[in-house]
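The values are calculated or read from the model by the stated rules, or taken from the named source; none is laboratory data. Here the structure is a predicted model, which means the values were calculated and not measured. Cβ coordinates were reconstructed from backbone atoms using ideal geometry, including for glycine residues, and neighbour counts include every protein chain displayed. Quick note on the areas: whole protein, heavy atoms, side chains included, nothing else; ligands and nucleic acids left out. Shrake-Rupley method; radii C 1.70, N 1.55, O 1.52, S 1.80 Å.
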Amino acid sequence: MLRRLIRLFQKAPTEQTDEHGIVLDSVPNHVAIIMDGNGRWAKRRGLPRIAGHRAGMQAVKEITTAADDIGVKVLTLYAFSTENWKRPTDEVDFLMRLPEEFLRMELDTLMKRNCRIRILGHPEGLPEHTRKVVQDAERKTKDNTGLILNIALNYGSRAEMIQAVKQIAQQVADGTLQVDDIDEQSMEKSLLTHGLPDPDLMIRTSGEVRLSNFLLWQAAYTELWFTNMFWPDFKRDDFYHAIREFQSRGRRFGGLK
Ligand code: FPP
């Protein structure tokens, strides 16, 4: 109550906020999330790690809806990194089944919400059953114009940048690009995120304070927000808390305010 009152007085009179105190005309366009802490969440409850991932899937559902409700345009979720293959086989197998389970339950709702699903990563490295389901979802939702739910699966930023550099080098070798013309735009065009705005806000749960090979190029000016909460405990109100903090920061992009 007190916090809400303080917020009310802090806002400029012209700013329109919703019932969560979010300023409606400065909602971040792109939010990226490192959904960490599923394993520890499960361990605290004496459950197997996979129970944490299943609970994490519920949080995905809640946060996707929460993001869509306030008008976020792109939500990028780090679901499986190129380094996660090092985990025990049964955990990897489970994680590779989760997108299917999620889409089986949620695709209709996402369609109704006009959400578009995009997979960020290297699909050729996924098991065939996972690849098929996620590519089907991409196809079915490709004409939707609402929230882009960008699921990072078999994604690693260094691998993405190496691929981009190879693509650019090939263009130089073919004579279609001059070395002097290589700039940020040529790099952006060659990244897996081409066509998407850079993330404005990146959230990481579980108390770890690092980027773990996630969107390293794209996060050059992203606001970072960390919480000690484990991902399965992360709820709509926590997401809105992060958004409000984002809105209270001054972004300068290297310039002056
Ligand atoms: C990190 O926690 C989490 C993952 C590697 C998997 C995240 C996946 C989900 C939340 C489900 C995603 C589902 C869809 C459909 C997108 P951790 O296992 O490293 O936790 P720990 O650090 O506590 O061990």
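Once the chain from residue 122 to residue 251 is taken as fully extended at 0.36 nm per residue, the excess over their C-alpha distance is 43.2 nm.
Legend: residues 30, 194, 122, 129, sorted from most to least accessible area (1.4 Å probe; ligands, DNA and RNA excluded), read 194, 129, 122, 30.
Give me the number: length gained by fully extending residue 181 to residue 129, i.e. 0.36 nm times residue separation minus the C-alpha to C-alpha distance, one decimal in nm. Please list the in-between numbers first.
On the way: separation 52, 0.36 × 52 = 18.72 nm, distance 4.13 nm.
Full-extension gain reported as 14.6 nm.
Using only alpha carbon pairs under 8 Å that are at least six residues apart, calculate the relative contact order of the stretch 168-224 and give it in whole percent.
On the way: 28 pairs, mean separation 17.7, N = 57.
In percent, rounded to a whole number, it is 31.
Of all aspartates and glutamates in the structure, those lying under 20 Å Cα to Cα from residue 43, and not within fewer than 8 positions of it along the same chain, are 90, 91, 93, 208, 233.
Count neighbours as other Cβ atoms within 10 Å of each site's Cβ, and list the GluC sites (Glu not before Pro) in the stretch 124-229 that are DSSP loop with at most 16 such neighbours.
Working: sites: 124, 128, 138, 160, 184, 188, 208, 223; in loops: 208.
Those satisfying the criteria are 208.
Rounded to the nearest 500, what is the 222 nm mean residue ellipticity of the chain from helices alone, with -39500 (n - 2.57) per DSSP H run of 4+ residues and division by all residues? The partial results should precede the final answer.
Numbers: 8 runs with 113 residues, N = 257.
Only helices count here, giving -14000 deg cm²/dmol.
Among 120, 59, 145, whose Cα lies farthest out toward the positive end of the dipole of the chain, if unit charges sit on the beta carbon of Lys, Arg (+1) and Asp, Glu (-1)? Going by the Cα projections, it comes out as 59.
The DSSP beta bridges internal to the chain are antiparallel in roughly 5% of cases. Using only side-chain charges placed at the Cβ, +1 for Lys and Arg and -1 for Asp and Glu, the dipole size of the chain relative to its Cα centre rounds to 880 debye.
Give the longest segment of the chain that steers clear of chymotrypsin sites (Phe, Trp or Tyr not before Pro) in DSSP loops with at most 13 neighbouring Cβ atoms within 10 Å, not counting the sites themselves.
On the way: sites that count: 221, 253.
No qualifying site falls inside 1-220, the longest such stretch.
Helices meeting the span-like rule in the chain (full DSSP H runs, Cα extent of at least 15 Å along the helix axis, mean Kyte-Doolittle score of -1.0 or higher): 49-70, 89-112, 157-174. Of the residues 248, 190, 212, ranked by 1.4 Å probe accessible area with the largest first, the sequence reads 248, 212, 190.
Using C-alpha pairs under 8 Å with a sequence gap of at least 6, the mean separation divided by the residue count of the stretch 127-206 gives a relative contact order of 24 percent. Note: relative contact order over the chain, using C-alpha pairs below 8 Å and six or more positions apart, is 26 percent.
Taking every lysine pair in the stretch 88-222 that is 8 or more places apart or spans two chains, those with Cα atoms closer than 26 Å amount to 9. Backbone amide hydrogens, once placed in the peptide plane, bring residue 150 within less than 5 Å of 75, 76, 77, 118, excluding anything fewer than 5 places away on its chain. Extension gain, residue 158 to residue 174, is 3.3 nm, computed as 0.36 nm per intervening residue step minus the present C-alpha separation.
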